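Working notes, beginning with the structure itself.
The values are calculated or read from the model by the stated rules, or taken from the named source; none is laboratory data. Small disclaimer: the values here were computed from a predicted structure and weren't measured. Cβ atoms come from the backbone with ideal geometry, glycine included; neighbour counts cover every protein chain shown. Only protein heavy atoms, including side chains, enter the accessible area calculation; ligands, DNA and RNA are left aside. Shrake-Rupley method; radii C 1.70, N 1.55, O 1.52, S 1.80 Å.
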Amino acid sequence: DPISPPDLQLWAGLDLFSRGDWAGAQAQLWGSVRSLRELREVRLRCGTECKLRGTQGPQLEEAVLSRADCLLGCEKLLLGEPSLYRLTQETERVFQRGLPYNYLQVTHYKLEELDKAAAAAFTFYVKNPHHEQIQEDIQRYRRMKEIQEPSFQDLEQPQYKTVYAQALSLLSEGKFRVAVRRLEDSLKIYLMEHEDCRALCEGTREQESEIYKDFSYAISQYYTEVLQCKQNCALEPTLRPSGEHSKQDPLISHLSLLLDIYTKLEDWEAAAEIVRSLLLFQPQNETAKERLRGYEERLQGKNSDKLRESIVSYVRRTLSEKRLLYYAMEHLNISFNDPDSWTPEEIIPESLRDRVKKEREEKDQRTLPFEEVTVTLTPKQMNGTTRVTLDGVINEEECQMLQTLGQAAGGPGSGFRGRLSRHTPRERIQGLTVLRALQMAASGAVDSSHARLYYRASERARVLAQSYFGTEKLHFSFTHLVCRSAIEGEQDSRNDFSHPVHADNCILDPEERECWKELPAYVHRDYSGVLYLNDDFQGGDLFFTELDATTVTAEIRPSCGRLVLFGAGGENAHGVRAVTQGTRCAIALWFTKSAVHAEQERSLASDLMVGSDGHKQNKESETKNTGRETSGRETFASKEEPERPSGRRQKKRVNRKFEDEL
Ligand SMILES: O=C(O)CCC(=O)C(=O)O
Ligand SMILES: [Fe+3]
């Protein structure tokens, strides 16, 4: 049977979806996913048949043309009319992001096929781990007793990952020998899958909106694009058992793990071989060098230069591609985004080194899980390795809502500005926890959309702390929305603080220049965060000091949407300057790596989130839609959904309906 063009099926599926035809939409969407897979098989086959052999110089252009010809012929033979199957870059992206799965989870849910719904949702989640709506959907599915854990599977998982997981589980059972064999299998499969990924970069791709000046320029433009695409194959999004997401180079993960196991098995020869391969990536890695010396001593000169052929050629090829790409960057002004952090400096032309370094730093910033969040002050600028200031975590409107919530928390009766601060008699303070906010919302004392936003904003802060500091999963230890108000008439010649210098997980002893990590300090707290809501007050800056509590090393002015994150220990002693006019509102957050110390309140709050989410949620706050609570889906719909002339608004409405019912 001829393959149906995947894009036609995709659009047809989305159309049926917007009309509420779940079964019809489902058939089309699955069809599009299947067709795409078949199409890729065809392309891989043709790619192998029409290999471009190492041609250089003047014959290159000819070879390129004849390869294009070969590809076209091959695809004609297998597909009939290849032009029917050409996808726009936009559509390619839609598939790459796994968008069909987000619709499929809805259709399966509507048709009461919960296991399939969970699998489709999980597949989308793996590709879009920071997508707020899918995180929530997954949580909801997890709460449904009818759905068994194995249903949460990634339907697009590369094969090597399955084998890799088997190796890990054998390893955890202490079966080293079987594990290492399984891991070697996984490595082989990975290298094959990596080849496929690279091969799919080539071929007769559609060129968009680019008018080429001349043929050789066109070729170089095209080839750098293909090479960039191939380079990108090296990194893969990885979801760790701890729930942490990262982009990793599976090859390096394989080698490091193999090295550990071979060492444990005292197979020095194999270990030495792996370490030499690792050194090809990281020639400056001193620990690896030391290990190698140790193995070689044990081996006494036996097989002293054995290397893995597959790894050698991998590194050689990727380095020569990088050279070409950096050359293109230097001479043709073509941009290249090197996905690898291990690229040796000598590969990068001298004139580009500074620029590349800068771009890399910027990229580090851009890899924050939320697009609109930026790094304002780096750890270096803040004079501490575990300090960072981010902006754009919430927007102006959200700050307003949370301030309203903070001030409503003071209790009934207007004019009441909270109790006296326990830190200073010249300020009043009022605040509430997330749970309290949701409970008050349930009883109608505060706006439910404000309370829900509080929950969401704190979750954002948690995810940001986790991803910026690259830690294992962080849990909430305590969250507090606090507003501090200057008491009028009490501000003359103030020389105290709004919050004296302290550390968050130890008892600061400035005289001894020590911080005692012992009770009654909250010793289990690992990271702190403060999300600021306003700046229309005087004083109130946050400042960091050395252990002496007086030498200031950084000072930060609060402002709406600004999040300061820092390690909770003595290295980050801090305080708050006196608030001498107005009210300063902020959400203070503490996180712990220890699941045991995770606060119970949070899970109670999360239950309330679900409770207030569906039927009870009032339509008004939904349609007003000012909070971020629906913005996961909204942002997604507006940014990622392919432009379609009709049915767009309708689709959103359907999504809402689904949200209501789920
Ligand atoms: O509000 C701030 O800027 C910091 C508050 C703080 O350090 C704390 O509550 O422990
Ligand atoms: Fe503190």
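Couple of notes before you dig in:
- Other residues with beta-carbon under 12 Å from the beta-carbon of Ser186 carry, at +1 per Lys or Arg and -1 per Asp or Glu, a net charge of +1.
- Across the range 1-120, the relative contact order, built from alpha-carbon pairs under 8 Å that are at least six residues apart, equals 29 percent.
- Structure note, pairs Lys264/Lys289; Lys230/Lys358; Lys380/Lys593; Lys175/Lys264: Cα-Cα distances above 21 angstrom occur for Lys230/Lys358; Lys380/Lys593.
- Taking each residue as 0.36 nm, the span from Leu265 to Glu372 lengthens on full extension beyond its C-alpha to C-alpha distance by 33.7 nm.
- Stretching the chain fully between Arg513 and Arg143 yields a gain of 128.4 nm (0.36 nm per residue, less the alpha carbon separation).
- Ranking Cys506, Asn534, Val552 by Cα position along the charge dipole of the range 491-565, where only Lys, Arg, Asp and Glu carry charges on their C-beta atoms, puts Asn534 farthest toward the positive end.
- Simple point charges give the picture: +1 on the Cβ of Lys and Arg, -1 on the Cβ of Asp and Glu, and for the range 401-545 a dipole about the Cα centre of about 680 debye.
- Solvent-accessible area, 1.4 Å probe, carbon plus sulfur percent, for the range 391-524: 48 percent
- Where the Cα pairs of the range 250-382 fall when distances are cut into 5 Å bins, in %: 2, 9, 16, 16, 14, 13, 13, 9, 6, 3, 1, 0
- By the compact-protein rule of thumb, 2.2 N^0.38 Å, the alpha-carbon radius of gyration of the range 1-148 corresponds to a ratio of 1.33.
- When you restrict to C-alpha pairs under 8 Å that are six or more residues apart and normalise by the size of the range 88-185, the relative contact order lands at 21 percent.
- Formal net charge of residues neighbouring Asn572 (Cβ-Cβ distance under 11 Å; K, R +1; D, E -1): -2
- Distances between every pair of Cα atoms in the range 450-563, grouped in 10 Å steps from 0 to the bin holding the largest one, split as 11, 34, 39, 15, 1 percent.
- Normalised by the number of residues in the range 246-304, the mean separation of alpha-carbon contacts (under 8 Å, six or more apart) gives a relative contact order of 30 percent.
- Of all accessible heavy-atom area on the range 253-377, the percent that carbon and sulfur account for (1.4 Å): 45 percent
- For Val530, the shell of other residues with beta-carbons less than 15 Å away shows a net charge of +4, using +1 for Lys and Arg and -1 for Asp and Glu.
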